[in-house]
Amino acid sequence: MTVLVTGGTGYIGSHTCIELIGAGYEVVIMDNLSNSTAQVLDAIGQITGKRPAFWEADCCDAQAVESVFAAHPDIRAVIHFAASKSVNESQAKPLQYYRNNLLSLIRILEAMQRHSAHCLVFSSSCTVYGESASQPVNEQTPLQPPTSPYGATKQICEQIIADSVKAGSGLRASILRYFNPIGAHASGLIGESPLDTPQNLVPLLCRAAAGKSGRLQVFGNDYDTPDGSCIRDYIHVSDLGQAHLAALTRLQSGKAESATEIFNIGTGKGFSVLELIRTFEAVNGVKVPYDIASRRPGDIARIWADTRLAQEKLGWKAHKSIEDCLQSAWLWQTHCTQKH
Ligand code: UD1
């Protein structure tokens, strides 16, 4: 069974490819390397013993997408990661975000239809829930108006998929709403390595601990949470990769109860920024130099997942602890530091 993984050299994509190859899938990666490098392919090869087929191409380019499907007529499923993912950048460059995230999905759906590839797993985000009054959020929790163009693209993409499924072209989709992916593969060979300065908490925390950047800025300690810092549901990226495998397996088995299914993919536990720093220091034996800074515009105080649906329907749950996550993140940081 051949699966096309768009954005497969990226952070979540590469960890998912390892799970797919391990389960016996033939993997074809399409990635424009806008936020990753082709070296990841060697690392995937080293870890799994199999280097996936790779096309350096942009999913917004209809001809390029067509070429990939034409070259691999056995593609029956797509896991679509390729997208821009920075909340901040999306506020500065909304058109780039709408164009890239919407157009790439549309091109992929069009090609899937032409080539009778009927199974889609889509990367969505818990950002679609916005600031919900009660926690944890489940898949029925009403969505809030998006707080950033990035969040808006995820809501619109979910709608595009639901409408395409309803149109009856045979498409079946699994939409995964990720919480906060962190950590790195246990081998220390792949991890999060954005080409630009990272903006997410854990890569910044690792860099501050390694003395590679200034002190970590904790964005706010005056939220209505037990220690005043924001609470998130941090999930190990390899657990997240396994969730994609479970979603794909369910789509292919025909067991899905509706043609579009939506799942929260998190751990069900929330940790505050300050708790995360303390746990990181304890498990890795290093200090994280940090300051309390003002709140970051657009941040919500707290969110964590109700994961019961994924457990029940996908037979999946996160296995790795917060300690595993933070140890692997630090291992990856130290490997990166040796390499660069
Ligand atoms: C958000 C989305 C998430 C999406 C991600 C894409 C929500 C709830 N989550 O993650 O679904 O996939 O963007 O990038 O909308 N922090 C600091 N200092 C820093 C960086 C972060 O204190 O230097 C804090 C933030 O205030 C936040 C937490 O760390 O409370 C996590 O931040 P980050 O890693 O950027 O992820 P989210 O913004 O939660």
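The values are calculated or read from the model by the stated rules, or taken from the named source; none is laboratory data. These figures come from a predicted structure and were not determined experimentally. In this analysis, Cβ positions are derived from the backbone assuming ideal geometry, glycine residues included, and neighbour counts consider all displayed protein chains. Accessible surface is based on the protein model in full, side chains and every heavy atom, while ligands, DNA and RNA are left aside. Shrake-Rupley method; radii C 1.70, N 1.55, O 1.52, S 1.80 Å.
Numbers for the structure displayed
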{"item": "The listed residue being farther than 23 Å from G151 by Cα and open to solvent by 10 Å² or more (accessible area, probe 1.4 Å), out of E275, E261", "result": "E275"}
{"item": "Residues of the stretch 120-157 classified as modelled with pLDDT of 95 or more, open to solvent by 10 Å² or more (accessible area, probe 1.4 Å) and farther than 23 Å from A92 by Cα, total", "result": "8"}
{"item": "Sole exception among (1) part of a helix (DSSP H, G or I); (2) touching a residue at least 24 places away in the same chain (Cβ under 8 Å) for S132, by number", "result": "(1)"}
{"item": "Only listed residue being of a type in the set (A, V, I, L, M, F, W, C), over 20 Å from D163 (Cβ atoms) and not in a loop (DSSP other than H, G, I, E, B), chosen from L109, L102, L120, L41", "result": "L41"}
{"item": "Any chance E281 is open to solvent by 60 Å² or more (accessible area, probe 1.4 Å), among the acidic types (D, E) and in a helix (DSSP H, G or I)", "result": "no"}
{"item": "Search result, residues across the stretch 214-258 that are open to solvent by 50 Å² or more (accessible area, probe 1.4 Å), touching a Cys at 6+ places or on another chain (Cβ under 8 Å) and either charged (D, E, K, R) or more than 21 Å from N180 (Cα to Cα) (or both)", "result": "Q252"}
{"item": "All positions within the stretch 135-177 that are under 18 Å from K85 (Cβ atoms) and part of a helix (DSSP H, G or I)", "result": "P149, Y150, G151, A152, T153, K154, Q155, I156, C157, E158, I160, I161"}
{"item": "Pairs where the first residue, in the stretch 52-67, is within 16 Å of N35 (Cβ to Cβ) and in the same structural domain as S14 (by TED's automatic domain parsing) and the second is open to solvent by 40 Å² or more (accessible area, probe 1.4 Å) and of a type in the set (S, T, N, Q), C-beta under 6 Å, 6+ apart", "result": "D58/N32"}
{"item": "The listed residue being assigned to a loop (DSSP other than H, G, I, E, B) and assigned by TED's automatic domain parsing to the domain that holds S84, out of E261, E257", "result": "E257"}
{"item": "Yes/no for I292 being open to solvent by 30 Å² or more (accessible area, probe 1.4 Å), among the β-branched types (V, I, T) and over 25 Å from the mean Cα position of the chain (by Cα)", "result": "yes"}
{"item": "Residue identified as part of a strand (DSSP E or B), open to solvent by less than 50 Å² (accessible area, probe 1.4 Å), modelled with pLDDT of 95 or more and touching a His at 6+ places or on another chain (Cβ under 6 Å) among V5, V78, V28", "result": "V28"}
{"item": "Where H115 falls short, out of the listed (1) over 20 Å from A247 (Cα atoms); (2) loosely packed, with under 15 Cβ neighbours inside 10 Å; (3) in contact (Cβ under 8 Å) with a residue 40 or more places away in the chain", "result": "(2)"}
{"item": "Residues of the stretch 218-249 that turn out to be part of a strand (DSSP E or B), within 14 Å of the ligand (Cβ to nearest atom) and under 15 Å from the mean Cα position of the chain (by Cα), as a count", "result": "3"}
{"item": "Cβ-Cβ under 6 Å pairs, at least 6 apart or on other chains, the stretch 83-108 side within 14 Å of the ligand (Cβ to nearest atom), far side open to solvent by 70 Å² or more (accessible area, probe 1.4 Å)", "result": "S86/Q199; N88/Q199"}
{"item": "Answer residue from the stretch 167-206, given it is at pLDDT 95 or above and charged (D, E, K, R) and is surrounded by the fewest Cβ atoms within 10 Å (Cβ to Cβ) among those", "result": "R172"}
